[in-house]
Amino acid sequence: MLRAGVDLGGTKIQTVIVDEQFLVIGSDHRPTPLTGGPKDVAAAVVSSIYAAIRDAGKERADVTMIGVGAPGQIDTELGTVTSSGTFADWTGPFPLAPLLAHDLDRQVTLGNDVHVAIQAEARVGAGRSFPSFLGVYVGTGVGGAVVLGGELWTGRGAAGEIGHVVVERNGRECTCGRFGCLEAYAGRAAMEAAARRWIAEGRVTSLFDMMEAMGQRTLTSGVWSAALQAHDPMAIELIEDAVDALGVAVASAINLLDVDGVVIGGGLGVRLGDGMVDRIREHAGAHLLRANDAPEFRVATLGELGGAIGAAMLPEPSDSRN
Ligand SMILES: [Zn+2]
């Protein structure tokens with residue numbers, strides 16, 4: 001009874017094969033196709049699952065349950081993803097789960113990418129000892145989730161969107177079209193856009209030279225990490241803006257919810273790790289009502305595989321068909 005879990009991201013598809021204890025026994029990752037729209041993305045997901053099964057040394061028939069975590073709006077009943085903001089040529093709801101189920105000859109369960117990653121941290125990761133915690137995922141955008149009493153708080157379906165908590169009234173424009181959201185300061189896409197604006201204004205940085213030298217198409221977490229190590233002033237300033245904004249938003253959420261812990265994950269969060277988490281904690285401290293009794297801050301322990309492991313947890317055993 002093996003499971004496959006897929007973390008479908010804007011830049012990367014990460015797949016794992018897990019056993020019944022959710023231990024990873026095989027994996028695959030590949031870039032998300034930038035052209036061809038959702039059909040090409042779906043085909044890449046199928047290829048990645050088969051590659052992960054080969055990596056585990058197993059047969060396709062051994063994998064009975066498949067889950068996919070995807071960004072954007074997920075309709076779990078219809079198995080559709082509406083994710084025009086993250087993927088190229090993806091407009092309106094796309095029936096990702098039925099298409100994958102057809103190609104893989106298995107039922108496929110969809111979930112929100114950040115929600116599944118947080119649930120994995122809650123069950124087998126950094127959140128395991130916290131009755132309640134706030135998960136903040138710093139990647140291309142900034143996602144979040146709230147676990148209260150061991151359960152994910154979904155609200156009316158859209159809870160946990162800390163990326164769109166306002167940290168500056170009338171501030172930078174966000175991907176959502178509003179102004180001053182956390183994501184406009186701390187999302188990788190927004191930070192890259194800010195870097196390009198600053199260059200157009202005549203400022204200098206080695207960020208994009210490093211990006212090319214590293215063979216990347218965008219300012220990945222690895223590029224940011226390298227630029228910080230090289231003491232690039234623009235990279236330092238943008239990351240400082242990001243951790244400041246994260247501190248404001250996280251402190252506000254703690255003042256509201258008084259959770260036991262904060263788990264910081266996502267590509268950038270995991271890459272910059274304890275150093276970034278310490279800086280967020282410092283910035284948050286300035287805004288906490290009970291600064292001398294702050295909740296514990298931790299890096300997501302499942303790292304870059306958390307989303308895929310959480311996706312593998314999505315299907316209930318009764319969902320398996322075949
Ligand atoms: Zn926003």
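Of the residues making up segment 251-262, those that are in a helix (DSSP H, G or I) and out of contact with any His (no Cβ under 8 Å at 6 or more places or on another chain) are Ala253, Ile254, Leu256, Leu257. Has segment 197-205 got at least one residue that is surrounded by 14 or more Cβ atoms within 10 Å (Cβ to Cβ), at pLDDT 95 or above, among the aliphatic types (A, V, I, L, M) and more than 25 Å from Ser132 (Cβ to Cβ)? Yes, some residue in segment 197-205 is surrounded by 14 or more Cβ atoms within 10 Å (Cβ to Cβ), at pLDDT 95 or above, among the aliphatic types (A, V, I, L, M) and more than 25 Å from Ser132 (Cβ to Cβ). Among the residues making up segment 154-206, those that are of a type in the set (Lys, Arg) and over 24 Å from Val263 (Cα atoms) are Arg169, Arg172, Arg178, Arg196, Arg197, Arg203.
Rundown of residues vs (1) over 22 Å from Ala190 (Cα atoms); (2) of a type in the set (Asp, Glu); (3) not in a loop (DSSP other than H, G, I, E, B), yes/no style:
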| site | (1), (2), (3) |
| --- | --- |
| Thr205 | no, no, no |
| Met210 | no, no, yes |
| Asp241 | no, yes, yes |
| Ile264 | no, no, yes |
| Met276 | no, no, yes |
| Ala284 | no, no, yes |
| Phe297 | yes, no, yes |
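Take Pro95 and decide whether it is touching a Ser or Thr at 6+ places or on another chain (Cβ under 7 Å) and touching a residue at least 60 places away in the same chain (Cβ under 8 Å). Against the criterion (touching a Ser or Thr at 6+ places or on another chain (Cβ under 7 Å) and touching a residue at least 60 places away in the same chain (Cβ under 8 Å)), Pro95 does not qualify. Restricting attention to segment 59-83, the residues that are buried (at least 21 other Cβ atoms within 10 Å of the Cβ), part of a strand (DSSP E or B) and in contact with a Gly (Cβ under 7 Å, 6 or more places away or on another chain) total 4.
As for segment 84-106, it holds no residue that is part of a strand (DSSP E or B), among the aliphatic types (A, V, I, L, M), surrounded by 16 or more Cβ atoms within 10 Å (Cβ to Cβ) and in contact with a Leu (Cβ under 7 Å, 6 or more places away or on another chain). Within segment 116-153, restricting attention to residues that are hydroxyl-bearing (Ser, Thr, Tyr) and surrounded by fewer than 22 Cβ atoms within 10 Å (Cβ to Cβ), the residue that is farthest from Val262 (Cα to Cα) is Ser129.
Could you list, in sequence order, the residues of segment 1-60 that are among the β-branched types (Val, Ile, Thr) and under 20 Å from the mean Cα position of the chain (by Cα)? Correct list: Val6, Thr11, Ile13, Thr15, Val16, Ile17, Val18, Val24, Thr32, Val41, Val45, Ile49.
Residue-by-condition table, conditions (1) assigned to a strand (DSSP E or B); (2) within 15 Å of the ligand (Cβ to nearest atom); (3) without any contact (Cβ under 8 Å) to a residue 24 or more places away in the chain; (4) within 22 Å of Ala70 (Cβ to Cβ):
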position	(1), (2), (3), (4)
Gly135	yes, no, no, yes
Gly143	yes, yes, no, yes
Leu152	yes, no, no, yes
Ala158	no, yes, yes, yes
Asn170	no, yes, yes, no
Thr175	no, yes, no, yes
Tyr185	no, yes, no, no
Arg196	no, no, yes, no
Ile199	no, no, yes, no
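For Arg30, the criteria (1) free of Cβ contacts under 8 Å to residues at least 24 places away in the same chain; (2) touching a Phe, Trp or Tyr at 6+ places or on another chain (Cβ under 9 Å) hold in every case but one, which is (2). Condition check for Ile118 on (1) outside any loop (DSSP other than H, G, I, E, B); (2) β-branched (Val, Ile, Thr); (3) within 11 Å of the ligand (Cβ to nearest atom): one failure, at (3). With respect to the conditions (1) within 12 Å of Gln119 (Cα to Cα); (2) touching a helix residue (DSSP H, G or I) at 6+ places or on another chain (Cβ under 8 Å), Trp153 lacks only one, and its number is (2).
Flag not set for Thr86, criterion: among the hydroxyl-bearing types (Ser, Thr, Tyr), in contact with a Gly (Cβ under 6 Å, 6 or more places away or on another chain), farther than 20 Å from Gly267 by Cβ and in contact (Cβ under 8 Å) with a residue 12 or more places away in the chain.
When you scan segment 5-21, do you find a residue that is of a type in the set (Val, Ile, Thr), outside any loop (DSSP other than H, G, I, E, B), in contact with a His (Cβ under 9 Å, 6 or more places away or on another chain) and modelled with pLDDT of 95 or more, even just one? Yes, because at least one residue in segment 5-21 is of a type in the set (Val, Ile, Thr), outside any loop (DSSP other than H, G, I, E, B), in contact with a His (Cβ under 9 Å, 6 or more places away or on another chain) and modelled with pLDDT of 95 or more. Against the test of being within 16 Å of the ligand (Cβ to nearest atom) and in a helix (DSSP H, G or I), the options Ala190, Ala227 yield a single qualifying residue, Ala190.
The values are calculated or read from the model by the stated rules, or taken from the named source; none is laboratory data. Not measured: the values here are computed from a predicted model. As a convention, Cβ positions derive from the backbone with ideal geometry for all residues, glycine included, and neighbour counts pool all protein chains shown.
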